[in-house]
Amino acid sequence: MSGVKVEMRGITKRFPGIVANDGISLTLRQGEILALLGENGAGKSTLMNILFGLYQPDEGEIYVNGERVFITGPKTAIQLGLGMVHQHFKLVQPFTVTENIILGMEPRRRLGMDYTKAARQVSELSARYGSRVDPRARVRDISVGMQRRVEILKTLYRGAEILIFDEPTAVLTPQEIHELTEIMRRLTAEGKSIILITHKLKEIMAIADRVTVIRRGRVIDTLNVKETNPDELAAKMVGREVSFRLEKKPAAPGKVVLRLDGVRARGSSGMQALSGISLEVRGGEIVGLAGVDGNGQSELIEAVTGLIPVDGGRILLNGTDIANLAPRPVAESGVAHIPEDRHKRGLVLDFSMSENMVLKSYYKVAYNRGGFLDYAAIDRQAQRLIAEFDVRTPGTGTPARALSGGNQQKAIIAREIDQDPDLLIAAQPTRGLDVGAIEFIHKRLLEQRDKGKAVLLVSLELDEILKLSDRIAVIYEGRIVGEADPAATTDRELGLMMSGSGYTKEGPTGGESHDESIPSADER
């Protein structure tokens, strides 16, 4: 087939109890960006892991440049000109940019590595694609957006002509997303081909040429992006209409529920992470906390929930200082917490769904009988929450790890909201979820606001912050550097504030109010 770089025919992959890929076929043409779209658990990542040699298919054939190939591992994939830019960075933090890019393929000079030659090659590669990376900088000292560029350059250094991008814009600012899309355009203009895995319909419409939709392990359709729209794609992805309009009544803020007053705290490294942070959240409002990852958001959440000690300042909940209380008394004071890492802090993956639903309340009288757990009562509670929050699980005895990411998140939200908290902290509540799960979770957060609860939303997704928040506070280097009205700002202005520029003591500086985060379809 002329112009086809990759063809996957009838790919089937089975795991115990599930068919992840069921006879999937797709083609990738030279010089195009093919988006791969589907719900959580639809089989996208499995398919790309097969293409990159991390999994072996049970059935089907793969062709690269018209020849049938057997990709037995990533080394074979790289030799065939494939490269994969993973969602989670695969970088050695203490190493320099150059050391990371050439790792395993170092240019030699006599008995050692020719570092000068390697740095020159990295500089040339960086200039060629407009990446602007410092080859001698240590990875731990550069921004997450720059680290993403290093991942791409590492793949290109190995000679990749076919690149797989897995959720590449996660944790990037709007400006960094714009820069990344420009790099992707340069790659395709040069004749390279890209498969883009993303949940963001806005990105697909802006940058992709075609989109293949996968649902429950099968290809539903492949469309030209110019001939479709986000509503059609969302419906094909989840099998029903998805509403992108959020019915949102005007906020009616009440009394101050949470007040941070000059809070200081250290992170896990021992360095100051919160530098006198002050913030208020009232009942009946959602306050969105926007910031580039690593600017103190995690430590702020951990300080409020009692997971790390506070060095100074006050954390007032309904007027009572809860700073340095342990997590259980904090929760009993009226704080619920949807953690940013559902596996690390939200669930015990080997526990049943019943056990996970009472992780914060198992010691209470309702679930105890004579000092022993009342499993019948626990099971009834789990059944109620599973039904109310549409958690799709084979049963209450199913281990949490067997559920999809979206259903794991629904289970956590069900447990936390059921505590009837005064303050709900929602940290990255829709990270890695599809549009159907996102729609459900957004509605639940708004319900809490409309019941008069205080909601602190911490998210790296600016679309989510702008859509849900009644007020937006921007955090930078452990301080609140400004506030914004969602109705009167843009993601570009927020991005400038998040990067440490574009703000004053009073708030964001002026400027044109237009969105440059992603080029429009007309700019392609």
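The values are calculated or read from the model by the stated rules, or taken from the named source; none is laboratory data. Keep in mind that this is a model prediction, so the values were computed, not measured. Cβ placement follows ideal geometry from the backbone for every residue including glycine, while neighbour counts extend to all protein chains displayed. Heavy atoms of the whole protein, side chains included, go into the accessibility calculation; ligands, DNA and RNA do not. Shrake-Rupley method; radii C 1.70, N 1.55, O 1.52, S 1.80 Å.
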*Check whether at least one residue in the stretch 442-450 is on the phi < 0 side of the Ramachandran plot, aliphatic (A, V, I, L, M) and either modelled with pLDDT of 90 or more or open to solvent by less than 10 Å² (accessible area, probe 1.4 Å) (or both), and report yes or no.*
yes
*State which residue pairs qualify: first residue on the phi > 0 side of the Ramachandran plot and inside the stretch 251-263, second residue open to solvent by less than 40 Å² (accessible area, probe 1.4 Å) in any location, beta carbons under 8 Å apart, and separation of 6 or more residues or different chains.*
G262/G276; G262/I277; G262/G312; G262/G313
*What's the number of the condition H178 fails, among (1) modelled with pLDDT under 90; (2) assigned to a loop (DSSP other than H, G, I, E, B)?*
(2)
*Go over the candidates A377, A473, A402 one by one and state the one that is closer than 26 Å to A303 by Cβ and of a type in the set (G, A, S).*
A473
*Pairs only if they're at least six apart or on different chains, beta carbon under 8 angstrom, first in the stretch 305-316 and within 16 Å of G270 (Cβ to Cβ), second of a type in the set (S, T, N, Q) and buried (at least 20 other Cβ atoms within 10 Å of the Cβ); list them, first residue then second.*
none
_Being among the basic types (K, R), touching a residue at least 60 places away in the same chain (Cβ under 8 Å) and part of a helix (DSSP H, G or I) is the filter here; which residues of the stretch 185-221 pass it?_
R185, K202
*For the stretch 122-131, does any single residue satisfy the condition of being touching a residue at least 12 places away in the same chain (Cβ under 8 Å), under 29 Å from I465 (Cβ atoms) and outside any helix (DSSP H, G or I)?*
yes
_So, I78, is that one open to solvent by 20 Å² or more (accessible area, probe 1.4 Å), under 22 Å from L163 (Cβ atoms) and either out of contact with any strand residue (DSSP E or B) (no Cβ under 7 Å at 6 or more places or on another chain) or at pLDDT 90 or above (or both) or not?_
yes
_Within the stretch 200-237, take every residue that is more than 22 Å from G31 (Cα to Cα) and acidic (D, E) and give me the one that is modelled with the lowest pLDDT._
D231
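Kindly provide the set of residues from the stretch 320-373 that are of a type in the set (F, W, Y) and over 30 Å from the mean Cα position of the chain (by Cα), ordered by number.
Just the residues of the stretch 320-373 that are of a type in the set (F, W, Y), to begin with: 351, 362-363, 367, 372.
Once the filter is applied, which keeps residues that are of a type in the set (F, W, Y) and over 30 Å from the mean Cα position of the chain (by Cα), the stretch 320-373 yields Y362, Y363, Y367, F372.
If you take the residues in the stretch 189-199 that are closer than 18 Å to S25 by Cα and under 19 Å from the mean Cα position of the chain (by Cα), which one is surrounded by the fewest Cβ atoms within 10 Å (Cβ to Cβ)?
Going through the stretch 189-199, the residues closer than 18 Å to S25 by Cα turn out to be 193-197.
Still in the list and also under 19 Å from the mean Cα position of the chain (by Cα): 195-197.
Values: I195: 26, L196: 25, I197: 19.
Ranking the candidates gives I197 first.
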_For N224: the one exception among (1) in contact with a Lys or Arg (Cβ under 8 Å, 6 or more places away or on another chain); (2) in contact (Cβ under 8 Å) with a residue 40 or more places away in the chain; (3) closer than 30 Å to D434 by Cα; (4) not hydroxyl-bearing (S, T, Y)_ = (2)
*Evaluate the stretch 479-497: report whether one residue or more is farther than 25 Å from I204 by Cα, under 20 Å from the mean Cα position of the chain (by Cα) and either part of a helix (DSSP H, G or I) or modelled with pLDDT of 90 or more (or both).*
no
_Which listed residue is within 26 Å of the chain's Cα centre (by Cα) and open to solvent by 90 Å² or more (accessible area, probe 1.4 Å), from E247, E232, E227_ = E247
*Among the numbered criteria (1) open to solvent by 10 Å² or more (accessible area, probe 1.4 Å); (2) part of a helix (DSSP H, G or I), which single criterion is violated by V348?*
(2)
*Which is touching a residue at least 60 places away in the same chain (Cβ under 8 Å), over 29 Å from M497 (Cβ atoms) and acidic (D, E), of E151, E161?*
E161
*Those residues of the stretch 296-321 which are surrounded by 21 or more Cβ atoms within 10 Å (Cβ to Cβ) and not hydroxyl-bearing (S, T, Y), in sequence order*: G296, Q297, E299, L300, I301, E302, A303, V304, G306, V310, I315, L317
_Complete set of residues in the stretch 199-224 that are closer than 16 Å to S45 by Cβ, in contact with a strand residue (DSSP E or B) (Cβ under 7 Å, 6 or more places away or on another chain) and among the basic types (K, R)_ = R215, R218
*asked:* Every residue in the stretch 12-34 that is buried (at least 22 other Cβ atoms within 10 Å of the Cβ), in contact with an Asp or Glu (Cβ under 7 Å, 6 or more places away or on another chain) and under 13 Å from R218 (Cβ atoms), please.
replied: K13
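When the residues of the stretch 423-441 are filtered to those that are in a loop (DSSP other than H, G, I, E, B) and modelled with pLDDT of 85 or more, which remaining residue is surrounded by the fewest Cβ atoms within 10 Å (Cβ to Cβ)?
First, pick out the residues of the stretch 423-441 that are in a loop (DSSP other than H, G, I, E, B): 428-434.
Subsequent filtering for residues that are modelled with pLDDT of 85 or more retains 428-430.
Numbers: Q428: 25, P429: 27, T430: 22.
So, considering only residues that are in a loop (DSSP other than H, G, I, E, B) and modelled with pLDDT of 85 or more, the one surrounded by the fewest Cβ atoms within 10 Å (Cβ to Cβ) is T430.
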*Quick one: in the stretch 381-410, which of the residues that are of a type in the set (G, A, S) and in contact (Cβ under 8 Å) with a residue 12 or more places away in the chain is surrounded by the most Cβ atoms within 10 Å (Cβ to Cβ)?*
A382
_Out of E280, E241, E285, I need the residue that is within 27 Å of the chain's Cα centre (by Cα), surrounded by fewer than 16 Cβ atoms within 10 Å (Cβ to Cβ) and of a type in the set (D, E). Which one?_
E241
